Amino acid sequence: PPMLRCVSYLAVVAACALAACADPVTPSATPPDRFGSPNFAKVTAERTTVPVAFTLPAGTCGLTTTVTGTGVLQVVTRVSESRAGGLRITVHEKAHGTATGADGSQYRFNYMANYRVVDVDDPTTLPITIDLVDHFHLIGHGQTPEVKVFLKGLFMYDGTLPLTPIGDPVIRGGL
């Protein structure tokens with residue numbers, strides 16, 4: 001569904017925005033799923049592959065130069081109905097590609113995110129809560145700085161950016 005694709009791309013943006021080399025904090029508790037386990041007889045899945053590009057300014061997470069990357073993002077969205085009649089929406093994203101620093105440095109990157117929309121009554125009504133876990137690795141060749149970032153937490157999406165953290169997300173990373 002188009003709204004879910006939008007939310008998946010927003011998670012990428014939010015992860016990058018929140019992962020600006022913060023210190024780790026205590027994870028927030030994940031609320032229980034009130035709808036129970038999924039009914040696997042009623043599952044729809046959508047797979048999408050799109051190009052992705054990013055720019056990390058010099059000074060971000062210890063980078064000494066602005067780094068621009070391009071690659072491919074693959075997104076799998078699954079919507080299932082629970083036995084209790086509620087919806088379960090999960091998204092898995094992975095991206096990989098190459099990047100170049102303004103100083104000529106070379107990098108490879110990979111990104112992976114898993115998240116689910118929490119307590120979905122009506123997926124077309126905002127706001128929604130997203131339970132997100134993501135990883136971003138920018139691996140340099142030679143003596144170039146590397147960036148490794150981990151993010152886990154609950155976030156609210158109300159139709160605007162950035163996503164709003166609920167509680168204290170865990171953010172680890174930097175050099």
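The values are calculated or read from the model by the stated rules, or taken from the named source; none is laboratory data. Quick caveat, the model's predicted, so the values are computed rather than measured. Every residue, glycine as well, gets a Cβ built from its backbone with ideal geometry; the counts of neighbours run over all protein chains shown. In case anyone asks, the SASA skips ligands and DNA or RNA and just uses the protein heavy atoms, side chains included. Shrake-Rupley method; radii C 1.70, N 1.55, O 1.52, S 1.80 Å.
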- Query: Along segment 104-110, what does the Karplus equation 6.51 cos²θ - 1.76 cosθ + 1.60 (θ = phi - 60°) give for ³J(HN,Hα), rounded to whole Hz, x for Gly and Pro?
  - Reply: x, 5, 10, 9, 10, 9, 9
- Roughly how much of residue 147 is accessible, in Å² to the nearest 10, using a 1.4 Å probe? 0 Å²
- Nearest-0.05 FRET efficiency for residue 106 and residue 74 at R0 = 25 Å, using Cβ-Cβ distance, is 0.60
- Note on the structure: FRET efficiency (residue 98, residue 170; Cβ distance; R0 25 Å; to 0.05) is 0.30
- Message: Per residue, how large is the accessible surface of segment 46-112? Use a 1.4 angstrom probe and give square angstrom.
- Response: 50 Å²
- Query: Taking a probe of 1.4 angstrom, what is the accessible area of residue 129 in Å², to the nearest 10?
  - Reply: 40 Å²
- Task: On the protein heavy atoms, probe 1.4 angstrom, tell me the percent of accessible surface of segment 60-170 carried by carbon and sulfur.
- Result: 53 percent
- Using only C-alpha atoms and all pairs of different ones, pull out the Kirkwood radius for segment 100-139 in Å with one decimal. 13.0 Å
